Amino acid sequence: MRCPYCGNDETQVKDSRPTEDSNAIRRRRICIGCGGRFTTFERVQLRDLTVVKKSGRKVPFDREKLSRSVTTALRKRQVDPEVAERMISGVVRQLESLGDVEVTSEQIGEYVMDGLKELDDVAFVRFASVYKNFSSADDFQSFLTDLVEAETAAERDPEGEA
C-alpha cells in the first residue's frame, strides 16, 4: 500500500479489525519511510460496475468518488464518519444487487439522496443541489417546498394509503 504522505511503497499494518457492520476490514498502517500513519479499508467487491452517465458515456464505478461526494455533503455536520461509511456501503450493495453491471448515474444519485435523507437534512439538500443542478435560490425554495409537502403527507398518512 502506497503512503499517502510520501508515496513510499513500503508500509506496515499495525492493527486490523472488522468495521462495525463487518463488511470491511479496517487497517491502521505506518509508513516505513516517513513514519506517517493512515487507515485503509478492505472490502468485498461482488462485480465491477460501470456507470452510464447522462451523456451516454460509460465510466468505471469509483467508490472513492462516491465517498468524496457524500463527505462533501456532510462537511461540518454532526454525523459519525462510521455511520456515513455504512450508508455508502449500503448504496454500493444496492447497486451491486441490481443484477446488472451497468448502473445509471441517476440510480446512484437517488440511492445517495435516500441515504442522506435518513442521516442529515442539510447534507441531503446540499447533495440534491449539486445532483439536481440547482441554478438559483428558486430551485432551493421549490425543492424544500416539495420536501415539506411530502413529509407532511407522510405524517398524515404513515401507511402510504390514499
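All of the numbers you see were taken from the coordinates with simple rules; none came from a lab. Note that this is a predicted model, so its numbers are computed, not measured. Virtual Cβ from ideal backbone geometry, glycine too; neighbours counted across all protein chains shown.
Among the lysines of the stretch 54-143, pairs that are 8 or more positions apart or on different chains and have alpha carbons within less than 21 Å of each other number 8. Computing Cα Rg over 2.2 N^0.38 Å for the structure here picks out one of (1) 1.16; (2) 1.31; (3) 1.25, namely (3).
Give me D for the stretch 82-162 in µm² s⁻¹, whole number, from Stokes-Einstein with Rh from the Kirkwood sum over alpha-carbon pairs, 4 °C and 1.567 mPa s.
91
Each Lys and Arg contributes +1 and each Asp and Glu -1, all at the Cβ; summed about the Cα centre of the chain, the dipole is approximately 1280 debye.
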